[in-house]
1. Please name all residue pairs, on different chains or six or more residues apart, with Cβ atoms under 8 Å, provided the first residue is in the range 487-498 and is under 10 Å from residue 538 (Cα atoms) and the second residue is of a type in the set (D, E, K, R).
2. Among the residues of the range 46-61 satisfying the criterion of being open to solvent by less than 10 Å² (accessible area, probe 1.4 Å) and not in a helix (DSSP H, G or I), which is nearest to the ligand (Cβ to nearest atom)?
3. For the range 106-118, check the following and say yes or no: at least one residue is more than 16 Å from the ligand (Cβ to nearest atom), surrounded by fewer than 18 Cβ atoms within 10 Å (Cβ to Cβ) and not assigned by TED's automatic domain parsing to the domain that holds residue 167.
4. Being within 16 Å of the ligand (Cβ to nearest atom) and either assigned to a loop (DSSP other than H, G, I, E, B) or surrounded by 15 or more Cβ atoms within 10 Å (Cβ to Cβ) (or both) narrows it down to one of 157, 133, so name that one.
5. For residues that are open to solvent by less than 40 Å² (accessible area, probe 1.4 Å) and part of a loop (DSSP other than H, G, I, E, B), scanning just the range 179-193, find the one that is farthest from the ligand (Cβ to nearest atom).
6. For residues in the range 119-130 being assigned to a helix (DSSP H, G or I) and of a type in the set (Ser, Thr, Tyr), which is farthest from the ligand (Cβ to nearest atom)?
7. Of all residues in the range 33-45, which are open to solvent by less than 10 Å² (accessible area, probe 1.4 Å) and under 16 Å from residue 431 (Cβ atoms)?
8. One residue is enough: does the range 194-206 have a residue meeting the conditions surrounded by 14 or more Cβ atoms within 10 Å (Cβ to Cβ), in the same structural domain as residue 259 (by TED's automatic domain parsing) and over 24 Å from the mean Cα position of the chain (by Cα)?
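The values are calculated or read from the model by the stated rules, or taken from the named source; none is laboratory data. Remember, it's a predicted structure, so these values are computed and weren't measured experimentally. Every residue, glycine among them, receives a Cβ derived from its backbone with ideal geometry; neighbour counts consider all protein chains shown. These accessible areas exclude ligands, DNA and RNA; they are computed on the full protein's heavy atoms, side chains included. Shrake-Rupley method; radii C 1.70, N 1.55, O 1.52, S 1.80 Å.
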Amino acid sequence: MPGRDPVSAPGDTGAAPWWRSGVLYQVYIRSFADTDGDGVGDLPGVIDRLDHLEWLGVDGVWLSPITCSPNADWGYDVSDYVAIEPSLGTSEDVDRLLAEAGRRGLRVVMDLVPNHTSEQHAWFVESRSSRQSGRRDWYVWADPAPDGGPPNNWVSSFGGPAWTFDEASGQYYLHNHLRQQPDLNWWSDDVRDEFDRIVTYWLDRGMAGFRIDVCNIIIKDALLRDNPPATEDDPLDVQLFGQRPVYNGNRPEVHEVIRRWRRLADRHPGTLLMGETPVEPMAALAAYYGDGHDELDLAIDFPFISAPLEAPVMRSLVGDLERALPDEAWPVWTGSNHDMSRLATRWAGGDPDRTRVALVLLLCLRGTPVLYQGDEIGLGDTDVPPDRLKDPLGVAYWPAYAGRDGMRTPMPWRDGPGGGFTAPGVEPWLPFGDLTACNVADQRADPGSVLHFVRDLLALRRQIPDLHAGAYRPLEVDGDGWAWQRGDDHVVVVGMGEGTTVLDGVSGAVIIGTDRRRDGEPVHGRVTLHGWEAVVMGLD
Ligand code: BGC
């Protein structure tokens, strides 16, 4: 519909922060590269593979948690926020990683998990030791309901009640995830001060910022009111087991805490604060960018990644977001991560043409793309047999839900024993997929591979300001696809269906196409794509 979609605010001119013009790459460290032969990826493994990331042409690395954890939720249950998890490496490895990444022009962003700790964190051990403990109020404790049951109706994001009873002290503690992940009480000034120290510590050590885990739920309703039931209008990905989660998180006071982190972050110019913020509606997401950029730089939500790979749906989501964000705010796009099925499977169903189209979408919309390790080779999910499941969700819910292991399997660096991930003969912590069908080394040797396509696309993004900074303006096409202009001089056309997609009124040349034979093809007034094909064009 002409005029339905907005024209975005102009992008950066000149001095854009690195994360705004750049591309991020998520390293799920346990599955990236193992150097000590225990079948688990580690920090030296990340260092060894920095050359791949430099060659690929990304700008920053988001590292999944590296601090001490008993691994009930694989690093997202932290037992020490400043010590390195021994199975992943040492503090010296972190320094070496920061130095080696810096030498290659790569920034490192780490995962910060402020909503909850491990039940084994010394703070929680002390907090649960008695009602009089000096750290009792570091966590959310409450008396039983009159019938002895949980204090309210809150449910955990992982299923079941969000409260566990502590026999010894006669109160319940809150956990929005596993019972091994007690929620911190962010009304406590001591908790806030402690996290100021943690944030400062890592920034002073050279981290370029944080991805902030479940950033939107850290503050809970002070009165612990029951969540209301969800209604039909509540989007499925925001409903919490039939509830509308308005009191166990998503409280307005969260913004005070983020502003506090922003002030700390700004002591190191260019620091990236990227929150995981699965909220509704879009206006709520916009609020996380703050007023005049005083909160997050990037707020990740899930409607896009959860959408089907269909032009009308995605185009409308992108239009909604462009409309909702304040002028100075910058979108962020992801197609895969360690919690969601990989894009090559979820969006593309294993079809290589669809995978390339999905990658064009991800890398050519206005905003910062986040590639998940393996996206660059079109890696799909792996079926993990039930006896190899490691994700607590898979273990609890299989076969109804197999959990998140399928998207966390080791990076296939090459074919053959160990897959370049670990030493031959070592059993990786999660099984490999089909190493012969999809691996980095084979694709690197093949200029027609997905890997080369992604690398070339990243190089173009870097070279052409329109592609990393230009405004987004949707264009009308005939057929199944979607097209948009970036800045003054570039157009992206994607065929998202079996039929053709035709864009009229454009002249110039194809710069890069998913069908590489079209690179350089002149365009005189009309471009026609086959099904599941995409091109980036320069206009005359
Ligand atoms: C992380 C998950 C984790 C959960 C609890 C999420 O947002 O990405 O992997 O299980 O937070 O920390």
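1. The qualifying pairs are 488/466; 489/466; 490/466; 492/486.
2. Among residues in the range 46-61 that are open to solvent by less than 10 Å² (accessible area, probe 1.4 Å) and not in a helix (DSSP H, G or I), the one nearest to the ligand (Cβ to nearest atom) is 61.
3. No: the range 106-118 contains no residue that is more than 16 Å from the ligand (Cβ to nearest atom), surrounded by fewer than 18 Cβ atoms within 10 Å (Cβ to Cβ) and not assigned by TED's automatic domain parsing to the domain that holds residue 167.
4. Residue meeting the stated conditions: 157.
5. That would be 188.
6. That would be 129.
7. Selection gives 39, 41.
8. yes
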